[in-house]
Every structure is written in structure tokens, then in C-alpha cells.
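Everything below concerns the one structure shown next.
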Amino acid sequence: MAKFDVIVLTDHRYLKDSDDPYKHNVFYEDELVVNALKSEGLIVDRKAWDDLEFDWSTTKAIMFRTTWDYFDRFNEFSEWLRFVAKQTKLLNSERLIRWNIDKHYLNDLKANKVHIPETEFIETGTEITLKELHNKLNWCDTVLKPCVSAAARHTYKLNPSNLSEHETIFAELIKSEAMMLQPFQHNIVSQGEISMMVFNGQFTHAILKKAKAGDFRVQDDFGGSVYDYSPTEAEIKFAEHAVTGCPELPLHARVDIFLDNDETLAVSELELIEPELWFRNHPNAANVLAKATKEKLTLF
């Protein structure tokens, strides 16, 4: 008999509240989720994913929330994921997590009629230069990044004047990992990127992320800013449609969207593993997630 209904997962840095504003926000948002789950009558606790003493078979499910060190410890996390999936149910599932880790998932979205920006995938070991790629595609301003990445790791803005200085790093990277190239999206700089929160297929709230002056990365790690945002009906329908392109419907998802260079709504990223969901901007969304979680547990 399981002792817990849900364990909410974080990493060891965020187990306790802190005077540091960033860490406090993480703790506060996780507390909103924990309390919302408890209000549904569920037995809940919060643990670091790498807790060596906890018996994961004592909970019906685990919910990935702020496991934000997973990418820095990817091999360890991947092994743990394989192990824990045999002990309990995962929210989102191991299948979705592994699918979402690799940006090749954008091809699956496209196949399921979800619009994505033009994307060229360069597979591991391909012998091609950046100059050859840009000539083949007839692209000028572009962004290069790994297919498996986080926090803008090895993300480069390219143009004809700086291609040569990036050839060496590209040649090294492509030896061991797949890369992707996309036309530079000018609207992300001028208008920003919209993050749409969708729980069990239902949109709850949105925020707008804007890059700081002179940068193109909207992440707050690079000085980006976040604003409350009221999306249009078209944007809501687009985000809810996007999650239907997944191999299975995610319990929680963040759909990052923008207007591409053709002024068409497109998915820049679909975050299903441990997305920041900005519950502090819309606390009631935690209750929506909790209700969806309770319903999900009845299926196990």
C-alpha cells in the first residue's frame, strides 16, 4: 500500500525557503502546488529527485517540478529516471520526458500539423561546414544550437560576417552531438516570446518574455524580462492544439510560441520535463493542475 499519493520533485538547492529572491520563488511556487494537491485530499510530500534515502515505491506518482540540475547531471538523471519509472508512475511520463529532451521532437509536432519555424537538423558526424549549410539553405541570419540542450548552451547567432569564427566550435560539436539551425526570428527580439501554460490540455495563463536590449535570448539567465500577458483566442487554441501533437497528452506543459518571420504562430519549444510555470503570476493555476493530477491518479 502506497504511503503517498504524490511526491513533488525538486533538486537539493530548493528544498528550503531562502532569502535569495530566485530560490524563494522556486520554493513558493512548489508550495502552491503542494498545497493545492493537499486541498484535493491527496497525501503529498516534496523531495529532491536524488534523495538516496527515500523509497520511491511508497508513492503512487511523482511530479517533476523544479529538478533544474538534471541537465548538469544528465547521465545520472537518466539512469535514475530509468530506475524510478519501475518504482512508481511519472508525471509527466518517462516516455514524454525522453521524447522532449531531444529537439527532434519538433519534427513530430510538424508531422502532427503543429507549425514550427523552419529547422534544419544536422546529425552527429555529418561532414559539412556552416558556410556550406547556409549556402545550401539560402539562409543569412540564423541561430545554431544543440538538439539536446538547456539554458541556451552552445547557442550562437550567426550571419555571413561571423560564420568563419564559429566553424571550429561547430566542427567539434557535430562530432559528438546533433545540432539544429533555424533562421533568426526577428519577432522574438521585437515582440518577445509567449509562454502558454497548459494542464491536461487546458490553457490556464500566459506570460510574455522579452530579451534585454542587444540580446536575442529571452531567458532570465541572460537578463530577459517577464510580463503578465493576455493571449488571444487564436493563441490559446494554437497552444492547446500543440500539446495534441505529443505522443500522449501531458499533464503539465509550457508551450512557448511566437510569430515567425512570415507572421505565423509557431512553437519555439515545448517544455514537458521541468518547466517554469509562473504559478506566482497565477496561483489558481496550481489548483487546476491539482485537480487534473487527482483525475490522473484514478487511471493508475
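The values are calculated or read from the model by the stated rules, or taken from the named source; none is laboratory data. Keep in mind the model is a prediction, meaning the values are calculated, not measured. Ideal geometry is used to build each Cβ from the backbone, glycine not excepted, and the neighbour counts take in all protein chains shown.
Key figures for this structure:
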{"quantity": "Residues located in the range 173-202, provided they are over 13 Å from LEU259 (Cα atoms), surrounded by 18 or more Cβ atoms within 10 Å (Cβ to Cβ) and under 16 Å from the mean Cα position of the chain (by Cα)", "calculated": "MET196, MET197, VAL198, PHE199"}
{"quantity": "Lone qualifier among ALA253, ALA242 - being in the same structural domain as ILE194 (by TED's automatic domain parsing), more than 12 Å from the chain's Cα centre (by Cα) and on the phi < 0 side of the Ramachandran plot", "calculated": "ALA242"}
{"quantity": "Boolean, ARG280 is of a type in the set (Lys, Arg), surrounded by fewer than 17 Cβ atoms within 10 Å (Cβ to Cβ) and touching a residue at least 40 places away in the same chain (Cβ under 8 Å)", "calculated": "yes"}
{"quantity": "VAL26 being in a helix (DSSP H, G or I), closer than 21 Å to LEU270 by Cα and at pLDDT 95 or above", "calculated": "yes"}
{"quantity": "Every residue from the range 22-39 that is without any contact (Cβ under 8 Å) to a residue 60 or more places away in the chain and not hydroxyl-bearing (Ser, Thr, Tyr)", "calculated": "LYS23, HIS24, VAL26, PHE27, ASP30, GLU31, VAL34, LYS38"}
{"quantity": "Strands (runs of 3 or more DSSP E) completely within the range 219-300 that count 3 or more residues being modelled with pLDDT of 95 or more", "calculated": "252-259, 265-271"}
{"quantity": "Yes/no for HIS252 being closer than 14 Å to ALA206 by Cβ, in contact (Cβ under 8 Å) with a residue 60 or more places away in the chain and not acidic (Asp, Glu)", "calculated": "no"}
{"quantity": "Only listed residue being exposed (fewer than 15 other Cβ atoms within 10 Å of the Cβ) and either small (Gly, Ala, Ser) or at negative phi (or both), chosen from SER161, SER93", "calculated": "SER161"}
{"quantity": "ALA171 vs. criteria among the small types (Gly, Ala, Ser), assigned to a helix (DSSP H, G or I) and either in contact with a Phe, Trp or Tyr (Cβ under 8 Å, 6 or more places away or on another chain) or at pLDDT 95 or above (or both)", "calculated": "yes"}
{"quantity": "Every residue from the range 29-69 that is assigned to a loop (DSSP other than H, G, I, E, B) and more than 25 Å from the chain's Cα centre (by Cα)", "calculated": "GLU40, GLY41, LEU42, ILE43, LEU52, GLU53, PHE54, ASP55"}
{"quantity": "Per-region count, the range 9-22, residues surrounded by fewer than 20 Cβ atoms within 10 Å (Cβ to Cβ) and touching a strand residue (DSSP E or B) at 6+ places or on another chain (Cβ under 8 Å)", "calculated": "2"}
{"quantity": "Leading residue by the ranking (surrounded by the most Cβ atoms within 10 Å (Cβ to Cβ)) among those in the range 49-90 that are in contact (Cβ under 8 Å) with a residue 12 or more places away in the chain and polar (S, T, N, Q)", "calculated": "THR66"}
{"quantity": "Selection from the range 245-268 of residues that are surrounded by 18 or more Cβ atoms within 10 Å (Cβ to Cβ) and among the acidic types (Asp, Glu)", "calculated": "ASP256, ASP260"}
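Yes/no matrix, rows are residues, columns are (1) of a type outside the set (Val, Ile, Thr); (2) over 26 Å from the mean Cα position of the chain (by Cα); (3) more than 29 Å from LYS237 (Cα to Cα):
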position: LYS103; (1), (2), (3): yes, no, no
position: LEU106; (1), (2), (3): yes, no, no
position: ALA111; (1), (2), (3): yes, no, no
position: ILE128; (1), (2), (3): no, yes, yes
position: LYS131; (1), (2), (3): yes, yes, yes
position: VAL143; (1), (2), (3): no, no, no
position: THR155; (1), (2), (3): no, no, yes
position: ASN159; (1), (2), (3): yes, yes, yes
